[in-house]
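Data block below; observations after.
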Amino acid sequence: MKLHDSHIIETHLHDFEKDVIEASKVRPVMVDFWADWCPPCRALTPVLERVVKAYEGKFLLATVEVDEGDNMKLAGRYGLRGFPTVLYFVNGEIVGRFSSAKPEHWVREFVDEHSPE
């Protein structure tokens with residue numbers, strides 16, 4: 001796990017269980033599966049970063065670079081077919097997902113819809 005700030009981490013296959021599944025039992029975790037070669041991924045990243053900062057700890061943002069190490073196995077595990085794909089975990093379970101770049105207001109609505117009260 002590489003900490004970007006208190007609400008954004010970079011995770012990998014071997015840390016995913018602890019960084020995402022276990023952590024989502026404390027607060028929701030949004031996982032951004034992205035690739036460096038993917039223009040929509042580069043467009044979505046700053047949107048996700050703005051939203052997580054605006055929500056001030058309501059959820060954690062974990063990023064997974066799919067082309068790094070064994071991370072593509074995670075994409076396979078969750079049946080991801082394109083990037084970026086975002087999964088939202090609450091209590092160890094996926095409660096929402098979306099693919100492709102989205103505007104900030106859309107991401108905020110997604111978080112509000114899928115977060116526990």
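The values are calculated or read from the model by the stated rules, or taken from the named source; none is laboratory data. This one's a predicted model, so the numbers in the text were calculated from it and none came from an experiment. Here the Cβ positions follow ideal geometry from the backbone for every residue, glycine too, while neighbour counts run over all protein chains shown.
Residues are listed down the side, and each one gets a yes or a no for (1) farther than 16 Å from Ile21 by Cβ; (2) surrounded by 16 or more Cβ atoms within 10 Å (Cβ to Cβ); (3) out of contact with any Lys or Arg (no Cβ under 7 Å at 6 or more places or on another chain); (4) at pLDDT 95 or above:
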{"position": "Phe59", "(1), (2), (3), (4)": "no, yes, no, yes"}
{"position": "Gly69", "(1), (2), (3), (4)": "yes, no, yes, no"}
{"position": "Phe83", "(1), (2), (3), (4)": "yes, yes, yes, yes"}
{"position": "Asn91", "(1), (2), (3), (4)": "no, no, no, yes"}
{"position": "Val95", "(1), (2), (3), (4)": "no, no, yes, yes"}
{"position": "Lys102", "(1), (2), (3), (4)": "yes, yes, yes, yes"}
{"position": "Trp106", "(1), (2), (3), (4)": "yes, no, yes, yes"}
{"position": "Glu109", "(1), (2), (3), (4)": "yes, no, yes, yes"}
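Residue check, Arg50 against (1) more than 18 Å from Val111 (Cα to Cα); (2) touching a helix residue (DSSP H, G or I) at 6+ places or on another chain (Cβ under 9 Å), all met but one. Which one?
(1)
For (1) more than 19 Å from Glu93 (Cβ to Cβ); (2) surrounded by 15 or more Cβ atoms within 10 Å (Cβ to Cβ), each residue gets a yes or a no:
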{"position": "Asp19", "(1), (2)": "no, yes"}
{"position": "Val26", "(1), (2)": "no, no"}
{"position": "Cys38", "(1), (2)": "yes, yes"}
{"position": "Arg42", "(1), (2)": "yes, no"}
{"position": "Leu48", "(1), (2)": "yes, yes"}
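Looking only at region 71-81, which residues are under 17 Å from Phe16 (Cα atoms) and not hydroxyl-bearing (Ser, Thr, Tyr)?
Let us first name the residues in region 71-81 that are under 17 Å from Phe16 (Cα atoms), namely 71-80.
Within region 71-81, Asn71, Met72, Lys73, Leu74, Ala75, Gly76, Arg77, Gly79, Leu80 qualify.
Taking region 65-111 only, how many residues are of a type outside the set (S, T, N, Q), closer than 13 Å to Val47 by Cβ and not in a helix (DSSP H, G or I)?
Final tally of qualifying residues: 6.
Quick one: what pairs do we get from region 11-23, first residue closer than 15 Å to Leu87 by Cα, second among the acidic types (Asp, Glu) and in a helix (DSSP H, G or I), C-beta under 9 Å, 6+ apart or different chains?
Thr11/Asp19; His12/Asp19
Considering each residue of region 7-41, count those that are part of a helix (DSSP H, G or I) and out of contact with any strand residue (DSSP E or B) (no Cβ under 8 Å at 6 or more places or on another chain), and give that number.
Step one: filter region 7-41 for residues part of a helix (DSSP H, G or I), giving 13-25, 39-41.
Applying the additional criterion that residues be out of contact with any strand residue (DSSP E or B) (no Cβ under 8 Å at 6 or more places or on another chain) yields 13-15, 17-18, 22, 25, 39-40.
Here the count works out to 9.
Report the residue count in region 91-117 for those that are out of contact with any helix residue (DSSP H, G or I) (no Cβ under 6 Å at 6 or more places or on another chain) and hydrophobic (A, V, I, L, M, F, W, C).
The qualifying residues number 5.
Tell me, please, whether a residue that is assigned to a helix (DSSP H, G or I), among the acidic types (Asp, Glu) and either over 11 Å from the mean Cα position of the chain (by Cα) or within 16 Å of Phe98 (Cβ to Cβ) (or both) can be found in region 44-63.
Just the residues of region 44-63 that are assigned to a helix (DSSP H, G or I), to begin with: 44-54.
Subset that is among the acidic types (Asp, Glu): 49.
Pick out the ones that are also either over 11 Å from the mean Cα position of the chain (by Cα) or within 16 Å of Phe98 (Cβ to Cβ) (or both) and you get none.
No, region 44-63 contains no residue that is assigned to a helix (DSSP H, G or I), among the acidic types (Asp, Glu) and either over 11 Å from the mean Cα position of the chain (by Cα) or within 16 Å of Phe98 (Cβ to Cβ) (or both).
In region 45-92, how many residues are in contact (Cβ under 8 Å) with a residue 60 or more places away in the chain and on the phi < 0 side of the Ramachandran plot?
Residues flagged as in contact (Cβ under 8 Å) with a residue 60 or more places away in the chain and on the phi < 0 side of the Ramachandran plot within region 45-92 amount to 7.
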